[in-house]
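Values in this text are rule-based calculations from the coordinates and carry no lab data. Keep in mind it's a predicted model, so treat the numbers as computed, not measured. Cβ atoms come from the backbone with ideal geometry, glycine included; neighbour counts cover every protein chain shown.
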Amino acid sequence: MTIISRRTILVSALAAGAAGQGRAQGAWPSRPVRLVVPYSAGGVADTVARLLQSSITEHLGQPLIIENRTGASGAIAAQTVAQSPADGHTLLFDGPTFATLPEVRRDLPIDYATAFVPVVQVSAMPYILGLRPGFPAQDMAGFLAEAKRRPGEVTYGTPGIAQTGHLMGEQLQLLAGIKLEHVPFRGGADVARELAAGRIDAGLISYSSLRPAVERGGRLVGSTGGRRQASLSDIPAIAETVPGYDMTSWIGVFAPAGTPASAIDRLGQSVRTALTDPEVRRRLEASGSEPVESDAASFAELVRRERETARRIVTATGLRSG
């Protein structure tokens with residue numbers, strides 16, 4: 001019979017404990033995960049984040065905490081995340097502005113292309129052009145006619161300079177031969193509130209954000225996608241009136257450059273798992289969004305294409321600043 005000394009047992013136990021502690025410290029996530037949203041509460045990005053929150057929390061085994069940090073067209077939120085430790089515990093939840101803002105502004109405090117890595121795309125959606133109650137037009141053709149009759153006087157709101165809606169508006173002006181006055185806000189919910197109150201003529205934001213304006217008598221006259229979206233089939237595509245117009249928004253997760261691949265892979269899987277939930281999909285589609293099956297590579301390619309599109313629009317319009 002082999003006799004094991006008390007000292008051997010003690011040393012083995014301590015070694016096992018140290019190994020277990022090392023594994024626990026190296027596991028991701030080891031604490032709550034912060035998801036920074038660059039837009040105000042109630043906007044489309046905030047809404048989508050909160051739809052995923054419960055499922056992702058369950059999948060990761062740690063709370064997903066959503067933090068709205070608005071300002072500077074999303075640059076404040078991006079800088080906050082970029083300067084956080086690259087350990088997967090602080091993430092950015094952003095849309096096309098991630099690709100467009102660097103093309104518009106040369107004075108940004110960070111280089112988006114090197115400061116982040118794309119993790120996973122969540123959804124895609126058109127934006128909707130909504131008109132204030134009492135605006136003297138009933139459809140897209142009427143809106144364009146009014147804009148041509150009063151060049152530079154018809155106002156439209158978006159969630160900020162260089163944001164998705166802003167570039168969509170610039171592209172519309174280029175293709176339709178009109179001149180509009182852009183009014184930037186901090187988020188889609190702010191645009192909807194001002195539109196419902198009649199303080200701006202039009203809003204170019206998400207369908208879910210436009211609901212308050214519609215309830216007050218506003219009208220939805222055009223979708224930015226190249227064709228009508230199945231879940232919003234009663235809203236004509238702007239392309240039906242302005243041939244060639246086709247711009248779509250999206251939302252996805254970004255991590256600071258240097259974040260471990262294991263954390264990126266697991267986070268991507270948690271999002272994909274959340275998107276298989278029938279209730280999550282139903283609520284996304286009801287808000288005008290479509291779930292997207294994505295991984296880090298396909299999302300990175302989408303961001304690259306979006307930046308090229310933004311560069312073309314900025315060059316054509318002279319929108320660049322800084």
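Pull up all non-local amide H partners of S249: gap of 5 or more, or a different chain, and H-to-H distance under 5 Å with H placed in the peptide plane.
Those lying under 5 Å, H to H, from S249 are M125, Y127.
Please pull out the direction-averaged projected area of the stretch 171-290, using the convex hull of its alpha-carbon atoms, in nm² to one decimal place. Before the final figure, lay out each step's value.
Numbers: hull surface 39.2 nm².
With every direction weighted equally, the projected area is 9.8 nm².
Give me the compactness ratio for the stretch 245-322, meaning the Cα radius of gyration over 2.2 N^0.38 Å.
Output field value: 1.38.
Run the dipole for the stretch 128-240 about the Cα centre, Lys and Arg Cβ at +1, Asp and Glu Cβ at -1, nothing else charged, and hand back the magnitude in debye, nearest 20. Intermediate results must be reported in sequence, preceding the final value.
Numbers: 13 positive and 11 negative charges, 15 e Å.
So the dipole magnitude of the stretch 128-240 works out to roughly 80 debye.
Quick one: net charge around I178, please, counting Lys, Arg +1 and Asp, Glu -1 for every other residue with C-beta under 13 Å from its C-beta.
Once all neighbours under 13 Å are counted, the net charge is -1.
Per 10 Å bin, what is the whole-percent P(r) computed from every C-alpha pair distance within the stretch 128-240?
Cα pair-distance distribution for the stretch 128-240, in percent: 16, 53, 30, 1.
What does the helix-only formula give at 222 nm for the chain: each DSSP H stretch with n ≥ 4 adding -39500 (n - 2.57), the total divided by the residues, and the result rounded to the nearest 500 deg cm²/dmol?
Result for the chain, helices only: -14000 deg cm²/dmol.
Angle between the Cα long axis of helix 261-274 and the longest principal axis of the chain, 0 to 90 degrees, nearest 10?
Between the helix axis and the principal axis of the chain, the angle is about 60 degrees.
Taking +1 at the Cβ of each Lys and Arg and -1 at the Cβ of each Asp and Glu, which of P102, G318, G218 sits farthest along the dipole of the chain towards its positive end, judged by Cα position relative to the Cα centre?
It is P102.
Note the angle between two axes, namely the Cα long axis of helix 44-60 and the longest principal axis of the Cα atoms of the chain, as a number of degrees from 0 to 90, rounded to the nearest 10.
20
Hey, what angle do you get for helix 296-317 against the long axis of the chain, alpha-carbon based, 0 to 90 degrees rounded to 10?
Relative to the chain, helix 296-317 is tipped by roughly 30 degrees.
What share of Cα pairs, in percent, lie more than 38 angstrom apart in the chain?
Roughly 21 percent, rounded to a whole number.
Nothing charged except the Cβ atoms of Lys and Arg (+1) and of Asp and Glu (-1): what's the magnitude of the dipole of the chain about its Cα centre? Round to the nearest 20 debye. Walk me through the numbers before you get to the answer.
On the way: 33 positive and 30 negative charges, 110 e Å.
Using only the charged Cβ atoms, the result is roughly 520 debye.
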